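Notes follow the structure.
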Amino acid sequence: MHLYPPGLDGRHLWFKTREFGALYADLAANDLLPIGFEFMSNSLEAKGLVPKNWRAYHPWGKGNIWPCDDQSDLWSQIGYAASKEGNAELWDVARRLSHQLRVCAWRLYQLSDAYHSQLEVRIAGKDLKPGLRFEDGFTWLGYLAIQSFLVDACILRDYLAEFFVAYVCPAEHRPADHIATMAGAKKHVLNKVASADPLFAELSTATAKGGWLFILGAYRDLCVHCVPLARSDSKLYAIGTPFNVRGVEPLTGIALPLPQDPSAIASARASPKRSERLAEELKLLTSATRGEVSTMDALIYCYSALDQLTRLSTKLQPHSPTEPQISA
């Protein structure tokens, strides 16, 4: 197994795996933690004539390492079964969930690819070291990929909320109006309905300030309604960062930091003190130090967000009134 791109000294790292099935364990044994895999099973995929088979890798347990892909299949099967039953509402939301899980996994691939392109350029120019802070056209493309993931992740969030209201909320407490967003689910169900179902408590915590769904929405809202992510805080640019692979000297990779508190930035930009906030950003932008470095790496965050969304999907799916059915 060869690792690309090579190091700054031009050396290619490689190791032997015992057999194909041992690949995942051997990667972990070398402290290499992949976020996904491309599988090529025919020459058309190898030549780029058809899309490659990409899967986000979430090792939840033995035999359960592709949960996002599995969930996409299950929702598609629920949609198929619902269509045979004439249940248009379930058919519609299930097929959208199946589609959006695939979309989010692909957005993660695009983000990973943007990181790879940024790293290749810096390695080729031998212009990379731990702590180096830089910005170029590939940095812009990286932040663009981050924004795309955040937007699609929040579409998936809202589809999951729509299913939650329609099929988990008790019928007697279900709002008369159609709810199609997590904000609507929080306002009309989570804040009003008492339920022993653990999903209610979990979503209430996740959507409260500081919860993972709250933070995800704050990042999305910041780049959609306020300012592009790469310009939301003056310290946002690529950073050389060290990482370890077992058995070799530390290597240098890259990180694209996210702002630490997106909701605070959005609030400051919308407050009467907006001009003070912008003046502070301009001062940092033109200073020598450009402020402190954020430690929140975008690729790690987006990978974790997809993992959490997939876990939520997995908990909601058994509430479907129709069992999955593979199409003939």
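The values are calculated or read from the model by the stated rules, or taken from the named source; none is laboratory data. Since we're looking at a predicted model, the values are computed, not measured. With ideal geometry, Cβ positions are generated from the backbone for all residues, glycine too; neighbour counts draw on all protein chains shown.
Just one of the numbered conditions (1) more than 30 Å from Asp9 (Cβ to Cβ); (2) within 25 Å of the chain's Cα centre (by Cα); (3) not polar (S, T, N, Q) is not true of Leu119: (1). State yes or no: is Asp26 over 21 Å from Asp69 (Cα atoms) and surrounded by 11 or more Cβ atoms within 10 Å (Cβ to Cβ)? Considered against the rule, which asks whether it is over 21 Å from Asp69 (Cα atoms) and surrounded by 11 or more Cβ atoms within 10 Å (Cβ to Cβ), Asp26 comes out as yes. Looking across region 222-236, the residues that are crowded, with 20+ Cβ neighbours inside 10 Å and modelled with pLDDT of 80 or more come down to Leu222, Cys223. Taking region 63-92 as the range and being part of a helix (DSSP H, G or I), aliphatic (A, V, I, L, M) and within 21 Å of the chain's Cα centre (by Cα) as the test, only Leu74 passes.
In region 103-128, what residues are without any contact (Cβ under 8 Å) to a residue 60 or more places away in the chain and surrounded by fewer than 22 Cβ atoms within 10 Å (Cβ to Cβ)? Give the steps one after another, and end with the answer.
First, the residues of region 103-128 that are without any contact (Cβ under 8 Å) to a residue 60 or more places away in the chain: 103, 106, 110, 113-114, 117, 121, 125, 127.
Scanning region 103-128 gives Val103, Trp106, Gln110, Asp113, Ser117, Val121, Gly125, Asp127.
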